[in-house]
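The values are calculated or read from the model by the stated rules, or taken from the named source; none is laboratory data. Computed from a predicted model, the values in this text were never measured in an experiment. Here the Cβ positions follow ideal geometry from the backbone for every residue, glycine too, while neighbour counts run over all protein chains shown.
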Amino acid sequence: MGASRRQATSIDKTMKELGYTCDQGVWTSSPEAVARLAGVADAMHALLIKRADELVGCTPNSPEEAELVALTDVIEAYEL
């Protein structure tokens, strides 16, 4: 089996584990799948907020400041 076929098989498996179904190449989610993914996204958001809070007040031009800027961008994009 080629690499692209293995990747497609892995994607199919993951999508099905997340509660999606596929009919003629069209993936559909169930309400349960959407709720599960929303819960995972909310948990990730909480971790990002926690880390950003830890970085507030960091030294200007430090790696921590760069991390805080990146986290802020991600958090703001999620909250739109």
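See the values below:
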read-out: Condition check for SER10: of a type in the set (Ser, Thr, Tyr) and out of contact with any Gly (no Cβ under 9 Å at 6 or more places or on another chain); value: yes
read-out: Hey, GLY57 at pLDDT below 90 and on the phi > 0 side of the Ramachandran plot or not; value: no
read-out: Considering residues of the range 24-37 that are loosely packed, with under 13 Cβ neighbours inside 10 Å and modelled with pLDDT of 90 or more only, the residue nearest to the chain's Cα centre (by Cα); value: THR28
read-out: Selection from the range 40-78 of residues that are within 26 Å of GLY19 (Cβ to Cβ) and either in contact (Cβ under 8 Å) with a residue 12 or more places away in the chain or in a loop (DSSP other than H, G, I, E, B) (or both); value: ALA41, HIS45, LEU48, VAL74, TYR78
read-out: Any hit, the range 15-27, residues being closer than 23 Å to LEU80 by Cβ and small (Gly, Ala, Ser); value: no
read-out: Selection status of LEU37, assigned to a helix (DSSP H, G or I) and touching a helix residue (DSSP H, G or I) at 6+ places or on another chain (Cβ under 6 Å); value: no
read-out: Some residue of the range 7-18 being outside any helix (DSSP H, G or I), surrounded by 13 or more Cβ atoms within 10 Å (Cβ to Cβ) and either touching a Ser or Thr at 6+ places or on another chain (Cβ under 6 Å) or not β-branched (Val, Ile, Thr) (or both); value: yes
read-out: Close pairs from the range 10-28: first at positive phi, partner modelled with pLDDT under 90, Cβ under 8 Å, at least 6 apart; value: GLY19/SER29; GLY19/SER30; GLY19/GLU32; GLY19/ALA33; GLY19/ARG36
